[in-house]
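Here's the structure we're looking at; comments come further down.
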Amino acid sequence: MQISGAQMVIEAFIAEGVDTVFGYPGGAIMNVYDEIYKQDGFKHILNRHEQASVHAAEGYAKASGKVGVAMITSGPGFTNAVTGLADAYMDSVPMVVVSGQVPMSLIGTDGFQEIDAIGISRPCTKHNYLVTDAADLPRILKEAFYIARSGRPGPVHVDIPKDVTAQIAEFNYDMDVNLETYKPHVKGNPRQIKKAMEAIAKAKRPLFYLGGGVINSGASKEVRELIQKTGIPAVETLMARGVLSYDDELLVGMLGMHGSYSSNMAMSETDLVIGLGARFDDRVTGKLSEFAKNADVIHVDIDPASISKLVNADYPIVGDLKNVVTDMLKQTDKIESENYESWRETINNFAELHPLTFHEDSERIKPQWVIKRVGELLGDSANISTDVGQHQMWAAQFYPFSRPNQWITSGGLGTMGFGFPAAIGVKAAAPEKTSINFTGDGSILMNVQELMTAVEKKIPVINIILNNNFLGMVRQWQTLFYDKRHSETDLSVQPDFVKLSEAFGGIGYRVKTKEEFDAALKDAVEKNVVAFIEVIVERFENVMPMVPSGGSLFNMMLLEKKETK
Amino acid sequence: MTESSERRVVSVIVVNEASVLSRITNLFSGRGYNITSLTVAPIPDSKYSRLTIVTAGSVRVIEQITKQLHKLIPVLRVYEHTDMVEKEMALVKFPVTENLTDIDSLCHAYNGKIVDSSENVIIAMVADEPHRVDNFLSVIKRYNPKEIVRSGAVALER
């Protein structure tokens with residue numbers, strides 16, 4: 001059929017099964033918005049800033065496992081969206097972002113709201129396109145969705161000049177994607193898998209090291225089974241929270257800069273790292289030369305460029321995790337769980353020596369308590385998003401995650417302002433779950449305008465603001481490494497968060513006691529409208545344990561032992 | 001950490017489409033890798049182009065470069081050459097008052113000749129291995145070259 005470029009965008013979205021688009025209109029994308037007005041194949045959520053649209057699409061993608069979709073206009077609309085693209089690229093989030101561009105005849109003339117969008121998005125997307133002819137649009141959109149979700153997922157940016165959205169051309173979406181130059185490895189090399197399984201059978205202190213790739217691949221079930229079957233303990237990265245349930249006996253915990261003592265010690269003592277979909281990020285490894293020093297490394301990843309990038313892999317396996325782990329499951333007969341009994345005991349002893357905990361205070365609420373309490377009250381029934389900083393680390397440490405896609409956070413890029421819009425996307429993807437955003441008094445102000453989006457579209461996200469009147473994580477570093485010179489991190493001057501939420505039509509609570517908190521959370525869940533719960537917490541609490549930047553993983557600063565009477 | 005940095009030649013086969021060259025060069029600049037020379041031309045009767053990139057780096061860096069290049073969607077193949085035939089061309093402009101016989105003989109020794117002459121200048125061309133071109137260019141300094149242009153290396157695996 002002969003339709004306009006703008007109609008093609010709509011038709012392609014519907015054909016791809018898109019049910020929600022996050023976006024913000026503007027001059028160059030108006031033709032497409034005109035078609036959005038006319039259609040009812042998907043709903044459009046109007047965020048109040050383009051960055052929020054992209055984060056919302058990320059949240060949607062992370063909670064649903066589907067491709068997130070955002071739409072923005074040219075120039076400032078696009079540049080506002082760049083942070084979201086970069087965030088999605090770092091965390092391998094499948095996403096298609098469509099932006100308007102000035103008409104072809106104006107490109108290169110410094111036209112109104114013109115910017116070289118694909119030049120800017122090139123280093124922060126998996127791939128991008130400038131569409132110069134509507135006849136190419138069906139193929140490009142089909143490729144964009146395919147590239148976004150296949151292999152190592154990532155954001156794909158499609159920039160469409162305004163005259164191309166008006167141009168009429170033939171639309172046929174019923175085609176196969178055939179990219180001769182892009183064929184992701186799915187199946188792992190059987191010989192390598194066999195060798196890896198033999199190495200596991202020989203190892204005395206093997207350790208699973210699980211990354212976000214397990215969730216992206218949808219392989220949590222298989223990974224849980226493999227761990228159960230082999231009896232080998234596992235540590236998770238920040239991005240892998242929820243792969244194993246919090247109560248799984250073989251889950252040691254999260255490793256890395258703010259990982260638990262037992263996880264970091266296990267990684268330092270292991271003789272075989274079994275890396276599944278993890279990328280040996282510097283926040284995980286600490287000092288590279290000391291990382292898992294005496295261990296061989298099995299590394300399974302869909303991205304060959306991640307293998308031996310930082311840590312040399314003795315057993316590299318390129319492939320989709322779900323596929324590879326399914327193959328591994330067939331070769332576990334030589335692996336005896338009993339052989340690792342003393343290793344598991346060693347790890348348990350680490351955990352007993354320095355458990356992951358915090359000291360309660362009778363005067364003030366401790367931020368960690370809030371996380372734990374929400375876990376006790378909501379547990380599996382909530383999806384958890386966060387912003388970036390201390391609250392994020394406490395949430396990762398103390399929330400009882402029980403399933404994959406429950407935990408939505410900005411890991412690689414560390415984007416403050418991610419949490420609230422992401423939680424909106426999460427709620428849109430999973431309306432049956434309570435959508436909680438743990439945030440700080442710094443982060444929440446970075447996308448606070450999303451109150452309007454949530455109110456308008458009746459998306460009841462509950463934002464729990466752990467208010468310590470500080471840019472907490474930076475303050476922690478200043479306390480520890482800059483001789484307590486708290487440069488520009490004191491956030492004592494603040495808005496009234498309750499009134500702020502109310503001004504937009506949301507609800508707000510300011511709580512100082514545990515009882516008040518319980519009541520506020522209960523009330524917010526029942527009222528089912530967007531809420532701010534501001535919790536006044538201990539100002540100078542530090543996230544512990546902590547591996548100082550560049551230090552060895554086993555050299556942790558630990559929670560000070562409380563004096564016992 | 002101090003791994004030895006060596007000269008490497010990498011060939012990349014890419015789909016011949018808009019902005020593909022900037023995808024490649026962005027990858028180098030974004031990671032702080034240097035390009036010594038880069039040549040690109042379409043492969044006859046195909047939709048592909050071939051790039052020859054001369055760069056420097058340790059084994060680990062080159063492995064990363066190769067993998068990252070491969071990760072780009074329009075990249076079909078990446079060859080890191082070890083056993084190859086490698087050639088580079090240079091054009092040099094000399095004043096016509098210099099000793100043209102000497103220059104002509106030198107050019108011959110480096111697979112070249114005088115290819116153009118005008119009232120005031122002659123242009124000489126050589127085509128040889130890059131290190132031999134280096135050599136040629138240092139030898140001809142005494143003939144007061146006015147302008148020198150090198151093509152960058154092209155290579156084929158044996």
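With 30 Å as the limit, write out which pairs from A:Lys38/A:Lys66; A:Lys195/A:Lys322; A:Lys204/A:Lys287; A:Lys522/A:Lys562 have Cα-Cα distances beyond it, or answer none.
Distance filter (> 30 Å) returns A:Lys522/A:Lys562.
Based on the Cβ-Cβ distance of B:His108 and B:Thr82, what FRET efficiency does E = 1/(1 + (r/R0)^6) give at R0 = 41 Å, to the nearest 0.05?
0.85
How do A:Leu141, B:Leu21 line up, fewest other C-beta atoms within 10 Å first?
Starting with the residue having the fewest Cβ neighbours, the order is B:Leu21, A:Leu141.
If you take each beta carbon of peptide A:128-137 and count the beta carbons of other chains within 10 angstrom, what is the mean?
Mean partner-chain Cβ count within 10 Å for A:128-137: 1.
Evaluate peptide B:67-78: per residue, the Cβ atoms of other protein chains within 10 Å of its Cβ; return the mean as an integer. Let's see the in-between values first.
Working: counts 7, 3, 1, 3, 8, 5, 11, 5, 2, 3, 1, 0.
Mean number of neighbouring Cβ atoms from other chains: 4.
So how far apart, in nm, are the two label points at B:Val149 and B:Ile43 if each is 7 Å from Cα heading toward Cβ?
In this crude label model, B:Val149 to B:Ile43 measures out at 2.7 nm.
Between A:Glu336 and A:Leu46, 0.36 nm times their residue separation minus their Cα-Cα distance comes to what?
Additional length available on full extension: 98.9 nm.
Compute the label zone of A:Asn312 within the range A:266-293: residues whose backbone N is under 14 Å from the point 7 Å along Cα-to-Cβ.
Once the point is set 7 Å along Cα→Cβ of A:Asn312, A:289-291, A:293 turn out to lie under 14 Å by backbone N, inside the range A:266-293.
Taking each residue in A:300-306, count the Cβ atoms of any other chain within 10 Å of its Cβ, then average. What number comes out?
Per residue, the average neighbour count from other chains is 3.
Measure up A:Lys183/A:Lys330; A:Lys293/B:Lys67; A:Lys183/B:Lys87 against 31 Å on the Cα-Cα distance and list the ones that go over.
Numbers: A:Lys183/A:Lys330 26 Å; A:Lys293/B:Lys67 25 Å; A:Lys183/B:Lys87 33 Å.
As for pairs spanning more than 31 Å Cα to Cα, those are A:Lys183/B:Lys87.
In whole Hz, what ³J(HN,Hα) sequence does the range A:59-67 give by Karplus (6.51, -1.76, 1.60; θ = phi - 60°), x for Gly and Pro?
Karplus values, whole Hz, x for Gly and Pro: x, 4, 5, 5, 7, 9, x, 9, 6.
Could you run the Karplus curve 6.51 cos²θ - 1.76 cosθ + 1.60 with θ = phi - 60° over the range A:333-344 and give me ³J(HN,Hα) per residue in whole Hz, x for Gly and Pro?
So the Karplus estimates, Gly and Pro as x, are 4, 8, 9, 9, 4, 4, 4, 9, 4, 5, 5, 4 Hz.
Measuring from label point to label point, each 7 Å out along Cα→Cβ, what is the A:Gln228 to A:His359 span in nm?
4.1 nm
Of the peptides B:127-133, A:542-548, how do they stack up when ordered by the mean number of other Cβ atoms within 10 Å, highest first?
Highest to lowest by the protection proxy: A:542-548, B:127-133.
Give the order of A:Ile147, B:Ile148 when sorted by the count of other beta carbons within 10 angstrom, beginning with the fewest.
Going from least to most buried by this count: B:Ile148, A:Ile147.
Any idea what angle helix B:59-71 forms with the longest principal axis of chain B, computed on alpha-carbon atoms, 0 to 90 degrees, nearest 10?
In chain B, helix B:59-71 runs at an angle near 70 degrees to the longest axis.
Could you list, bin by bin from short to long, the percent of Cα-Cα pairs of the protein assembly as shown in 20 Å steps?
The calculated distribution, bin by bin, is 16, 43, 31, 9, 1, 0.
Label A:Ser492 and B:Glu157 with points 7 Å out from Cα along Cα→Cβ: what is the distance between them in nm?
Going by the 7 Å Cα→Cβ label model, 6.8 nm.
Calculate log10 I(q)/I(0) of the range B:1-55 for q = 0.24, 0.27, 0.30 Å⁻¹, where I(q) comes from the Debye formula with a single equal point scatterer on each Cα and nothing for solvent.
Listed by q, the Debye log ratios stand at -0.98, -1.14, -1.27.
What percent do you get for the relative contact order of the range A:2-170 when only Cα pairs under 8 Å and 6+ apart count?
Contact order relative to length: 28 percent.
Can you put A:Met104, A:Met239 in order of Cβ neighbours within 10 angstrom, beginning with the fewest?
Numbers: A:Met104 16, A:Met239 29.
Ascending number of Cβ neighbours within 10 Å: A:Met104, A:Met239.
In whole Å, how far is the Cα centre of the range A:310-339 from that of the range A:105-127?
43 Å
Please give the charge dipole size of the protein assembly as shown, origin at the Cα centre, charges +1 on K and R Cβ atoms and -1 on D and E Cβ atoms. Round to the nearest 20 debye.
Details: 74 positive and 90 negative charges, 164 e Å.
Magnitude of the dipole: close to 780 debye.
Could you run the Karplus curve 6.51 cos²θ - 1.76 cosθ + 1.60 with θ = phi - 60° over the range B:14-21 and give me ³J(HN,Hα) per residue in whole Hz, x for Gly and Pro?
10, 5, 7, 9, 4, 6, 5, 5
FYI, it's all coordinate maths here, none of it is from the lab. These numbers come from a predicted model, not from an experiment. Using ideal geometry, Cβ is built from the backbone for each residue, glycine included, and neighbour counts are taken over all protein chains shown.
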